[in-house]
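Structure first, then comments.
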Amino acid sequence: MKSKVTVVGAGNVGATCAHILATKGYADVVLVDIIEGMPQGKALDMSQSTPIVGSDAKIIGTNGYEETANSDIVIITSGVPRKPGMSRDDLLLTNMKIIQEVTAQVAKQSPKCFLIMVANPLDAMAQLAMHVSKFPRERVMGMAGVLDTARFRTFLAQELNASVEDVQAYVLGGHGDTMVPLVASTTVGGIPISQLLPKERIDAIVKRTAGGGGEIVSLLKTGSAFYAPATAAVEMAESILLDKKRILPCAVCLQGEYGIKGLFVGVPVKLGAKGVEQIIEFKLTAEEDAALKKSAASVQELIDVMKI
Ligand code: APR
């Protein structure tokens, strides 16, 4: 039997997630949105792409949640995106209401599912979803680190005119200005990045990575990035559905790991059939450790505003 993935929010990120999944073919997809006709229309369009790519995935669009029942994974992308000049945190109060309502519906229909949060501010919304669903932490995760790391790898590969495949890197922390690219353990073809690029170029790439989402918002003017975010969310879903046990940077609820308790922060985790199967702790440099704690503090500020 094929797996079942629900994608809530059929806008830019959600529809792109659904389309990637439809192309891959290992899961049926239910696409949910509040706009009447829109998820149905997009699902029909995607269904008609499946014979071309040779996928037997079934794609359904709906405005309700009954069709989502017993999903294996639910990817939540419903919520407003940023406009130029806004930070992700500015979305807090609007998206909080949406995520509260959506998570309650999802948890009712699919009490055993894995939740992958994409809506921003990411870490706070993931924490809210765990609070509302009452799911164990193994089944709630936020997509940020895979995207931030992909941005970092892209910029490094461009700088060095190298293949993205040879750039090994990790970006931890919250999904915002306080993210923590792990420069000391970044390698290209196994060679430490510090031996390949001068410090000022590395610093500039780190800065561009942290502002990577904002750079796209200011170009698009009417919305935020969606191709890379959707691809990143599907990579996480795939690791769970296919029990790949990938080690990916994801936002998870730390319970003492890295000295942080009760907060969603991006760290390396092993994703497999049981969801978050392991939170991988390793020694950070003093600078990285301080940056991770700072990142956690900024997530705490949002949690305090939400009073959860
Ligand atoms: N239930 C279902 N869908 C909803 C709800 C709701 N309660 N509220 C809003 N939506 C839908 C909107 O109708 C819209 O189609 O969510 C969709 C969001 O799509 P876009 O506006 O295109 O936004 P997108 O770029 O996909 O970003 C979604 O992901 O990356 C983050 O910051 C981004 O928080 C934003 C989210």
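Each reported figure results from applying straightforward, stated rules to the coordinates on display, with no laboratory input. Predicted model only: the values in this text are computed from it and were never measured. Don't worry about glycine lacking a Cβ; one is built from the backbone with ideal geometry, like all the others, and counts go over all protein chains shown.
At an R0 of 35 angstrom, the distance between the Cβ atoms of LYS108 and GLU301 translates into a FRET efficiency of 0.70.
Residues whose amide H lies under 5 Å from that of LEU31, counting only those 5 or more places away or on a different chain, are VAL7, ILE60, GLY61, THR62; hydrogens are built 1.01 Å from N in the peptide plane.
Taking Cα pairs under 8 Å and at least six residues apart, what relative contact order does the chain come out at, in percent? For the chain, the relative contact order is 17 percent. Look at the alpha carbon pairs under 8 Å that are at least 6 residues apart: their mean separation over the length of the range 30-96 gives a relative contact order of 32 percent. Separation of the alpha carbons by more than 32 angstrom is noted, of LYS4/LYS221; LYS58/LYS83; LYS2/LYS83; LYS108/LYS244, for LYS4/LYS221; LYS58/LYS83; LYS2/LYS83. May I ask what percent, to the nearest 5, of DSSP beta bridges between residues of the chain are antiparallel? Taking every DSSP beta bridge within the chain, about 50 percent pair in antiparallel fashion. Residues of the range 230-267 with an amide N closer than 14 Å to a point placed 7 Å from the Cα of PHE282 along the Cα-to-Cβ direction: 247-250, 267.
Each Lys or Arg adds one and each Asp or Glu takes one away; over the other residues whose Cβ falls under 10 Å from the Cβ of LYS244, this sums to 0.
Which longest uninterrupted range of the chain lacks any GluC sites (Glu not before Pro) assigned by DSSP to a loop state (not H, G, I, E or B) and surrounded by at most 15 other Cβ atoms within 10 Å? In short, 37-280. Straight Cα distances below 23 angstrom link LYS199 to the lysines LYS207, LYS283, LYS294, with same-chain residues fewer than 8 positions distant left out.
In straight-distance terms, cross-link reach from LYS307 covers every one of the aspartates and glutamates whose alpha-carbon lies under 17 Å from its own, apart from those fewer than eight places away in the same chain; here that gives ASP89, ASP90, GLU101, ASP123.
Restricting the trypsin sites (Lys or Arg not before Pro) of the range 164-230 to loop positions (DSSP other than H, G, I, E, B) with no more than 16 neighbouring Cβ atoms within 10 Å leaves LYS221.
In this structure the amide hydrogen of THR186, modeled in the peptide plane, comes within under 5 Å of the amide hydrogens of ILE193, none closer than 5 places in sequence on its chain. Just to confirm a number: summing +1 for Lys and Arg and -1 for Asp and Glu over residues other than LEU284 whose beta-carbon lies under 12 angstrom from that of LEU284, what do you get? After counting each charged neighbour, the total is -3.
The Cβ shell under 10 Å around GLU138 holds other residues with a net charge of +2, Lys and Arg each +1, Asp and Glu each -1. For the range 87-133, applying the loop criterion from DSSP together with a ceiling of 13 other beta carbons within 10 Å to the trypsin sites (Lys or Arg not before Pro) yields LYS112. Relative to the dominant Cα principal axis of the chain, helix 227-241 is inclined by about 80°. Entry note, the chain: the mean residue ellipticity at 222 nm calculated from DSSP H runs of n ≥ 4, each adding -39500 (n - 2.57), is -13500 deg cm²/dmol after division by the residues and rounding to the nearest 500.
Across the range 96-108, rounded Karplus estimates of 3J(HN,Hα) from the backbone phi angles (6.51 cos²θ - 1.76 cosθ + 1.60, θ = phi - 60°) give 4, 5, 5, 5, 4, 5, 5, 4, 4, 5, 4, 5, 5 Hz, Gly and Pro being marked x.
With everything on Cα atoms, drop me the angle between helix 145-160 and the longest principal axis of the chain, reported from 0 to 90° to the nearest 10. So the inclination is approximately 50 degrees.
Note that the range 291-308 has calculated 3J(HN,Hα) couplings of 5, 5, 5, 5, 4, 5, 5, 6, 5, 4, 4, 6, 4, 4, 5, 6, 6, 10 Hz, one per residue in order, obtained from phi through the Karplus relation 6.51 cos²θ - 1.76 cosθ + 1.60 (θ = phi - 60°); glycine and proline are x. Applied to the range 183-194, the Karplus parametrisation 6.51 cos²θ - 1.76 cosθ + 1.60 on θ = phi - 60° returns per-residue 3J(HN,Hα) values of 4, 4, 9, 7, 10, 10, x, x, 9, x, 4, 5 Hz, with x for Gly and Pro.
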